[in-house]
Amino acid sequence: MLLKTLLIGLVALIGYGEYYLTGRGQVARPIVIGPLTGLVLGHLTTGIEVGAALELAYIGVIEIGASVPQDMVSSGVLGTVFAISTGKGISAALTFGLPLSMLVLLVQNLAYVFIAPLYVAKCDQYAREGKPRKLSLMAFWGGTCVNFVPSAILIMLAYYFGTGFSSAIVGFIPKFVQDGLVVASGLLPAFGFAMLIQQILRKEIVPYLILGFVLAAYLKVPIIASPLLVW
């Protein structure tokens, strides 16, 4: 259990540290984090399925300016964890993953408000004193600790203490609520695509979107082939 908890924390750090690993390589997306979590827990197939489902829900989510969306890393990790531990699949991923991602986002914001000013002040001090090496180290490690470590620790704690109770918690959820979550798992991808289209929709591409929809929905042309035919 302890080893898996540490590995879960490592997966979270990989997601949060994508700037160091790939720049902006989308490593933090659920479609990557889900399979990695499933691999750690010995359920790669479930990890792929949950990651793909959550990716559809988050496909239109992106940071724009000061707008910070739900935390995708924690949702991908914990959603996959609870989907596997409860055996409830996508519905459990939505039940636990999305709310916990909001909790992690709250912790991140608290860290930015109360902890970040401390290391920023230290960076200013080193800059005034002309100590570039200390300034560089403080900026790197201070930012890393504030941005990643609290969230990764929270994910590890949620995994360590949560998996033992997750099945019982799901059991307390009324059947109609669980059925509703199953329905929601089908609606969220449509919502995600709607958010994505809202950002990119322009009058120049509307005809192509309509044509692609007709090809896929009514003529049963595969989604991969539809854009090629439209083009």
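Readers should treat all values here as calculations from the given coordinates under stated rules, not as data from a laboratory. Computed from a predicted structure; not experimentally measured. Neighbour counts run over all protein chains shown; Cβ positions are idealised from the backbone, glycine included.
Things to note:
- Every condition in (1) touching a Ser or Thr at 6+ places or on another chain (Cβ under 8 Å); (2) on the phi < 0 side of the Ramachandran plot holds for PRO150 except the one numbered (1).
- Considering region 128-162, the residues that are of a type in the set (Val, Ile, Thr) and in contact with a helix residue (DSSP H, G or I) (Cβ under 6 Å, 6 or more places away or on another chain) include one that is surrounded by the most Cβ atoms within 10 Å (Cβ to Cβ), namely ILE155.
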